[in-house]
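Worksheet for the structure shown next.
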Amino acid sequence: MPLLCVEPTLADLQVQSTITQVCQELGLSCISMPSRAGHDSLEIGRMTDMGMIFVPSQDGLSHSGEEYTSPAQCTQGAQVLLHTFLQLDQIYLD
């Protein structure tokens, strides 16, 4: 018997496409993938448009004490987030 059951929340298509566009503009590779982890986005996505940006972890390890993402990749992720917000700000103003 599950202790907690939270329905999935889909990421907004406009947010997803903006993240992809920003990655392309910055010359970064990207893939679209589902997240099966429990994130705040499960609840936030019920109130407003939502998307998620993941950065690579060495050896693909995530949610682990062994997880490592280089400072350069963290910086790239932060740049994607910044430019995504700037572009979405222009879209949502209209």
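Observations
- Where residue 23 falls short, out of the listed (1) outside any helix (DSSP H, G or I); (2) within 12 Å of the chain's Cα centre (by Cα); (3) farther than 26 Å from residue 3 by Cα; (4) not acidic (Asp, Glu): (1)
- Residue in the range 28-35 that is in a loop (DSSP other than H, G, I, E, B) and either among the acidic types (Asp, Glu) or touching a strand residue (DSSP E or B) at 6+ places or on another chain (Cβ under 9 Å) (or both) present: no
- In this structure, residue 56 does satisfy being under 12 Å from the mean Cα position of the chain (by Cα) and more than 13 Å from residue 23 (Cα to Cα).
- Those residues of the range 48-78 which are in a helix (DSSP H, G or I), loosely packed, with under 15 Cβ neighbours inside 10 Å and not β-branched (Val, Ile, Thr), in sequence order: 58, 59, 60, 71, 72, 74, 78
- Within the range 36-45, not a single residue is surrounded by 12 or more Cβ atoms within 10 Å (Cβ to Cβ), over 23 Å from residue 8 (Cβ atoms) and of a type outside the set (A, V, I, L, M).
- Taken over the range 1-20, the residue count meeting the criterion of being more than 23 Å from residue 61 (Cα to Cα), touching a Gly at 6+ places or on another chain (Cβ under 8 Å) and outside any loop (DSSP other than H, G, I, E, B) is 3.
- Unique match (being without any contact (Cβ under 8 Å) to a residue 12 or more places away in the chain, under 17 Å from residue 83 (Cα atoms), surrounded by 12 or more Cβ atoms within 10 Å (Cβ to Cβ) and not hydrophobic (A, V, I, L, M, F, W, C)) among 17, 29: 17
Every read-out reported here was derived from the displayed coordinates using simple, explicitly stated rules and does not represent laboratory data. Remember, predicted model here, so these are calculated numbers, not experimental data. Note that each Cβ is placed from the backbone with ideal geometry, even for glycine, and that neighbours are counted across all protein chains shown.
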